[in-house]
Amino acid sequence: MTYPLERKPGNNTKYQVEDAVMAAFSVFFTQSPSFLEHQRLMNSNKGKDNAESLFSIEAIPSDNQIRNLLDPVPATTIFLTFQKVYQWLESKGVLKKFLYLDGEILVALDGTEYFASKKINCPHCNCRNHRNGTTTYFHGCVTPVIVSPNQKQVINLEPEFIKKQDGHQKEDCENAAVKRWLNNNHQNKYGYPVTLLGDDLYSRQPICQLALKQGYNFIFVCLETSHKTLYEWLEFLERSGDVTTLEKKQWDGRKNLIYRYRYASRVPLRDGDSSLEANWCEVTVINEKTQKIIYKNNWITNHKITGDNVEEIVKAGRSRWKVENEGNNVLKNHGYNLEHNFGHGQNHLCEFLLSLNLLAFLFHTVLDLVNYTYQKVRELLATRTSFFNDIRTLLKFIWFKSWSEFFLFILTEYIPLTKGNSS
């Protein structure tokens, strides 16, 4: 991997761009803003540090040096890492755990903001003008994430940035970013059939047509408020008996639930002869005892819907929420601090740091999927907060020659010690 070697005047040239990349990554991976500072102190006291042994950082740059070195480097430079992780998971058979809908991968798409400020900005910022005359500058991205109704983990792929495009004065948006992502990522790169999941923003004809052109299937939320023609057709089909309804009962451990499914085939997405036709389904979840509606939603899909598969299609559509709950929510509120301003820069810094944060999340997910020692440690240090608190404490005071030694130490010495003290 090579990086542009532009340096700002006065930047100490003894630091390599690779050191800056790994130094920034180490902060995200350990979820410790003070990690590098502690390792400098450890090195001065012991002549060795965890930054070198665990992250191969030859010389630890300062925060400002990291920002100066990384700002000229496009975030796409490290996107190959996401792809290599995916290929490794595929080669090890891990992705088979995620297959659904007759052997397909489900990729949920969702937009999220990760930077906002009324003062700090760069040429790539989008702008939000307020009535009081102020302006908010912000960055966002679309985060493609592999999900499955049968897996608690999610596997994030490289993001697509929502930012002002070079040579364009117009503000960027999630809709345009998704189209760029589709144009740049054909389904054949994944080695499996892929069904895309998305909210109501995605169930418009241009995105559906582009998804099909690029080899994807889709299951997108489809609300009545934004699809007038489609729901007028459904009313007509309902009167003619062409909307099928079926019900299933399910015990959730506390109460009986009624799942009422409705579906219809070949419904036009919009008015006009050129309209794309899609299949439509709906689920209404009802408390049998109280008859209260607990959940209701609607989707369109290019998958053929039958009485045998409507439940599976609905489960796939509902798993889209995992991109928010297991994905963006964890990144924002459970240690990764996605919306924190780690550094903005004037070129690519904001995007580069966001990508490193997503990579840290991805590597934690991979360890959780395949590494037995890591799995046992997470099981015993059940909450994410206690897990990373202990990581920060141990790496601050003890030198480890490898990650294997580190996790084995937690499992065989640290946890038994803490359990003994607590008893």
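The values are calculated or read from the model by the stated rules, or taken from the named source; none is laboratory data. These numbers were taken from a predicted model, which means no experiment stands behind them. All Cβ positions, glycine included, derive from the backbone under ideal geometry; neighbour counts span all protein chains shown. Just the protein is used for accessible areas: all its heavy atoms, side chains included, with ligands, DNA and RNA removed. Shrake-Rupley method; radii C 1.70, N 1.55, O 1.52, S 1.80 Å.
Table for the structure above
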read-out: Test result for residue 277, without any contact (Cβ under 8 Å) to a residue 24 or more places away in the chain, open to solvent by less than 30 Å² (accessible area, probe 1.4 Å), under 18 Å from residue 242 (Cβ atoms) and touching a Lys or Arg at 6+ places or on another chain (Cβ under 6 Å); value: no
read-out: Residues of the stretch 55-71 satisfying the condition of being in a loop (DSSP other than H, G, I, E, B) and open to solvent by less than 20 Å² (accessible area, probe 1.4 Å); value: 57, 61, 71
read-out: Count of residues meeting criterion [assigned to a loop (DSSP other than H, G, I, E, B) and either under 15 Å from the mean Cα position of the chain (by Cα) or not aliphatic (A, V, I, L, M) (or both)] in the stretch 96-131; value: 13
read-out: Members of the stretch 79-134 that are open to solvent by 70 Å² or more (accessible area, probe 1.4 Å) and within 19 Å of residue 178 (Cα to Cα); value: none
read-out: Pairs where the first residue, in the stretch 87-101, is among the basic types (Lys, Arg) and the second is surrounded by 15 or more Cβ atoms within 10 Å (Cβ to Cβ) and modelled with pLDDT under 95, C-beta under 7 Å, 6+ apart; value: 97/151
read-out: Residue, least open to solvent (accessible area, probe 1.4 Å), within the stretch 231-247, restricted to residues that are hydroxyl-bearing (Ser, Thr, Tyr) and under 19 Å from residue 297 (Cβ atoms); value: 231
read-out: The stretch 33-54, residues that are open to solvent by 10 Å² or more (accessible area, probe 1.4 Å) and either β-branched (Val, Ile, Thr) or under 23 Å from residue 351 (Cβ atoms) (or both); value: 33
read-out: Odd one out for residue 379, checked against (1) surrounded by fewer than 19 Cβ atoms within 10 Å (Cβ to Cβ); (2) assigned to a helix (DSSP H, G or I); (3) modelled with pLDDT of 90 or more; value: (3)
read-out: Test for residue 260: is it modelled with pLDDT under 95 and open to solvent by 20 Å² or more (accessible area, probe 1.4 Å); value: no
read-out: Restricting the stretch 119-170 to residues that are touching an Asp or Glu at 6+ places or on another chain (Cβ under 7 Å), touching a residue at least 40 places away in the same chain (Cβ under 8 Å) and of a type in the set (A, V, I, L, M, F, W, C), the residue that is farthest from residue 363 (Cα to Cα); value: 127
read-out: Residue match in the stretch 150-169 (condition: assigned to a loop (DSSP other than H, G, I, E, B), under 21 Å from residue 207 (Cβ atoms) and open to solvent by 60 Å² or more (accessible area, probe 1.4 Å)); value: yes
